[in-house]
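Below is one structure; the comments refer to it alone.
The values are calculated or read from the model by the stated rules, or taken from the named source; none is laboratory data. Treat the numbers as computed from the prediction; the structure is a model and nothing was measured. Counting neighbours? That spans all protein chains shown, and the Cβs are built from the backbone with ideal geometry, glycine included. Just so you know, the surface numbers come from the protein's heavy atoms only, side chains and all, with ligands and any DNA or RNA stripped out. Shrake-Rupley method; radii C 1.70, N 1.55, O 1.52, S 1.80 Å.
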Amino acid sequence: MSLMKTRRISQSDGNLLRELHLRMYADSPDAFSESLATAQAMTAEQWDARARQLSEPEQAVAFVAMVGPEPVGFIAGFVGRWRDGAMH
């Protein structure tokens, strides 16, 4: 049995964020300000930019929960306001 571990999002976590967000939006589409269709349309470069932004301590604190190699959860806190996939 693998234990759950948490770690901060890093600048190189664009693919991981995409995987997690697509699952989150599909599971609970009304819980987020961004839609599944919007997330699916984002490019790899946009996900990489989001990972960089989430790893900047002046802007956000974001963690991913992992069970073995599998991401199973995500939580973030922001300085400012996150809207339409961007910090404002």
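PRO71 fulfils the conditions (1) under 12 Å from LEU16 (Cβ atoms); (2) surrounded by 15 or more Cβ atoms within 10 Å (Cβ to Cβ); (3) modelled with pLDDT under 90 except for a single criterion, (3).
In region 1-12, which residues are of a type outside the set (Lys, Arg) and either surrounded by 19 or more Cβ atoms within 10 Å (Cβ to Cβ) or closer than 19 Å to GLN59 by Cα (or both)? Can you show your working first?
Quick first cut of region 1-12, residues of a type outside the set (Lys, Arg) only: 1-4, 6, 9-12.
Residues satisfying the conditions are ILE9, SER10, GLN11, SER12.
Within region 30-45, being polar (S, T, N, Q) and either touching a helix residue (DSSP H, G or I) at 6+ places or on another chain (Cβ under 7 Å) or closer than 17 Å to SER10 by Cβ (or both) holds for SER35, GLN40. Residues in region 60-83 that are closer than 17 Å to GLU34 by Cβ and in contact (Cβ under 8 Å) with a residue 24 or more places away in the chain: ALA60, ALA62, PHE74, ALA76, TRP82, ARG83. Contact annotation: residue pairs with Cβ atoms under 7 Å, 6 or more positions apart or on different chains, pairing a residue in region 1-28 that is farther than 15 Å from VAL72 by Cβ with a partner that is open to solvent by 70 Å² or more (accessible area, probe 1.4 Å), are ARG8/PHE63; GLN11/ARG52; TYR25/PHE32.
Filtered by the rule that a residue be aliphatic (A, V, I, L, M), assigned to a helix (DSSP H, G or I) and either touching a Phe, Trp or Tyr at 6+ places or on another chain (Cβ under 6 Å) or buried (at least 17 other Cβ atoms within 10 Å of the Cβ) (or both), region 13-64 gives LEU16, LEU17, LEU20, MET24, LEU36, ALA39, ALA51, LEU54.
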